[in-house]
Amino acid sequence: MAKRIIIINDSNNEITQKIKNIIQREDAYLVNIKGKSESLDVIKELKPDLIFLIIFHSDSKENLVYRFKQQSPNTPIIVCTNGTEDVLALLKQGADDFVMPDTKEAEIIVRIENILNKPPLNAIDEAKGNLIQELGLREFIGKSPQFLGIIEAIPKVAKCDVTVLITGETGTGKELCARAIHYLSKRRRFPFIPVDCGAIPLQLFESELFGHEKGAFTDAKERKVGLIAEAEGGTIFIDEVEILSLRSQVKLLRFLQEKTYRSLGNTKSVKANVRIIAASNKDLREKITRGRFREDLFYRLNIIHLELPPLRERKGDIPLLANYFLRKYACKIGKKVGFSEMALGKLCSYEFPGNIRELENIVQRAMIMSKGDIIQSEDIHIPIIRKSSSLKIFKEAKAEAIRKFEKNYIIQLLRIHHGNITHAAKAAGKERSAFGKLVRKYNIDTTHYKHKRIC
């Protein structure tokens, strides 16, 4: 059965014709309307499966999406508008998705199909919430000086098309920060693709990033396009970059240097146009000292560095964030509640090792478990963190100190002697074989310390 799609536009323009052509090719029933009052009547009569709203004039946008949603609450609306500054307000009125005049036809078709094939939801549409967050900085909550410093930097960073390294503890909002940079940059009309290194087997990282040809390895039954190709023109966000093997680090470094890559099993290099934003919750300089992360890759990634503060360093933002989460989950949970003064005090006294993500979870639980309209102190369940009451026994502490000394000593010698085991062993006053055993014991890659030109 053909889908009933209504196009509502405020002017005859090229984008209207473009949308009409796309919808007709998709074999959908099409009604083209111009005018608010007529639109409301037709929506009521036809009960469309989708409304495609094309509005470019500011006076046409006032509460228009809201009025259509009031008329037909379950009908999805895609808005085509000519400025990102309008999109947040339109999404808040009830729009389900948006496109720009220069959005590619293939992407418009995908978005239409995704909405038409999507099962109806009674709760808030999660995708809509994601879109609102992806627009930039408007969903960043906080007033602490450390946090405001990051917020002020993001628009400037977005304008500079260079590699960015975002660091901070788990749950501080590194991916949200990366999305803000992307959606405030000139690449915002192209894909933002997150890559979670922790979720990809180390041996498959290159295949995921660069793709592979059929038969490139045992399980390569067919050709696969890599994430870099999928993100063409846009941004790739590499999270937990410190997990990458040294081999994968070399491949990533080469890509950052030359902006070209080869899919596995292919001999032809491909030029890529993507921005890399990397993130880590570890101290990469300490990883470099231990021989686990390449120093040259660190400097390639660290052109611009943003350090996100942990929540315990911005205690004044906890009430703001907690109340934001109350509003965020009010419809989903079906409760409109507030915090008592003691409940907020209890939240502010906690250190939040899981940062904003942990606060969000605690607030959700409190909303569900609270009995009235006010969340009380007893509704706030704070985990009990048990600290060790005694030091390690002498033997364990001594063994750990020796291990750390040995490893750091070996790394320093290899650094001085450029990875030459013979020279490093001689400087240490040890036999080469004995020194080699220590290198293997601590899984140290000597090639990391050899001066090689990557090409």
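Any read-out appearing in this document is the output of simple, stated calculations on the displayed coordinates, not a laboratory observation. As the structure is a computational prediction, the values presented were derived from the model and not from experiment. Note that we place each Cβ from the backbone using ideal geometry, even for glycine, and neighbour counts take in every protein chain shown.
Here is how the numbers come out for the structure above:
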item	result
Estimated translational D of region 394-449 in µm²/s (Stokes, Kirkwood radius over Cα pairs; 10 °C; 1.306 mPa s)	139 µm²/s
Test item: Cα-centred dipole of region 394-449, Lys/Arg +1 and Asp/Glu -1 on Cβ, debye	120 debye
Overall form of region 168-301 per C-alpha gyration tensor (a/c, 1.5; a/b vs b/c)	oblate
Pairs from Lys143/Lys315; Lys18/Lys224; Lys404/Lys441; Lys174/Lys315; Lys156/Lys315 whose Cα-Cα separation, in the structure shown, is over 22 Å	Lys18/Lys224; Lys156/Lys315
Region 313-374-region 173-219 distance, computed between alpha-carbon centres (Å)	33 Å
Entries in Lys159/Lys328; Lys407/Lys437; Lys47/Lys328 that, when Cα-Cα distance is taken, lie over 20 Å	Lys159/Lys328; Lys47/Lys328
Hz values of 3J(HN,Hα) by residue in region 401-409 - Karplus curve (6.51, -1.76, 1.60), Gly and Pro given as x	5, 5, 4, 5, 4, 4, 5, 5, 5
Kirkwood-type radius of region 314-379, with distances r between different C-alpha atoms, in Å	11.7 Å
